[in-house]
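The values are calculated or read from the model by the stated rules, or taken from the named source; none is laboratory data. No experiment lies behind these values; they were computed from the predicted model shown. Quick reminder, even Gly has a Cβ in these numbers, built from the backbone with ideal geometry, and neighbours come from all protein chains shown. All accessible areas refer to the heavy atoms of the entire protein, side chains included, with ligands and DNA or RNA removed. Shrake-Rupley method; radii C 1.70, N 1.55, O 1.52, S 1.80 Å.
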Amino acid sequence: MGRSALIAAATAALLAGCGAERGTRADEPARTATAAAETAPRTTVYFLVDERTAPLGVRRELSLRPGVPRARLALELLLAGPTAAERAAGLATAIPASAGIRSVRIEPHATGSDAFVDLSGLPPADDAGALLKVRVMTQVARTVIGLSDIGRVWLRADGRAWGLWDLEGNIRDDPIDYDLLRGFFHICAAKPGTEAVPGDCFTALP
């Protein structure tokens, strides 16, 4: 092979190498963005569907913050409510727009973790109806249970228990777990103008 041919071959190889390097650099941002999207932590928050008769999980991306548990981040997304598009598609929430997070405390134990969630902006426990309570309790519990190994949730409103009533009419302070949620089956309010005909109903689990 002559000198001219060698130079031409070397030049072609150099250009090919440069082209590959340029291609790698051009593709790098796309690959990085794809990898970030694939690894971004996601969670499920629970809103209401079918005229508020059942919960429905919606996936959300978590924006992690140092020292903030994922359960609190998920609750922030829950309290933000459905997006405009989701509302147009029929999703709703029982949690008042005025609700905010006062505190979220997670206590680990041998078999998992307990979460103590204190919200502001909920109606007083004595005034809130049973349907509103079971809907809010379901949305909060199903959003939080499973994160940070949480298996049970205690719900507070301005520092006070926000549960159902016992036989003496006192507000109970029971943990919300899946055993309790199974009992929220076809919880109904009477149809307006009647005392026994079911009207507005709710079921917490499929």
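Summary of values
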{"quantity": "Sites E51 and S98, calculated FRET efficiency, Cβ-Cβ separation with R0 22 Å, nearest 0.05", "calculated": "0.45"}
{"quantity": "Convex hull per residue volume in Å³, alpha carbons only, for region 119-206", "calculated": "112 Å³"}
{"quantity": "Radius of gyration, Dmax [region 32-125; alpha carbons; angstrom]", "calculated": "15.2, 49"}
{"quantity": "Ellipsoid semi-axes in whole angstrom, largest first, where each is sqrt(5λ) of the Cα gyration tensor of region 53-96", "calculated": "23, 11, 9"}
{"quantity": "Distance in nm between pseudo-label sites at L205 and A130 (7 Å out along the Cβ direction from Cα)", "calculated": "1.9 nm"}
{"quantity": "Listed residues S103, S113 arranged by accessible area, highest first, probe 1.4 Å", "calculated": "S103, S113"}
{"quantity": "Point-to-point label distance, E61-A189, nm (Cα→Cβ direction, 7 Å offset)", "calculated": "3.8 nm"}
{"quantity": "Net +/- balance of residues flanking I187 in space, Cβ distance below 13 Å, scoring K and R +1, D and E -1", "calculated": "+3"}
{"quantity": "Net charge of Cβ neighbours under 9 Å - reference L119; Lys, Arg +1; Asp, Glu -1", "calculated": "0"}
{"quantity": "13 Å beta-carbon shell around P69, net charge (K/R +1, D/E -1)", "calculated": "0"}
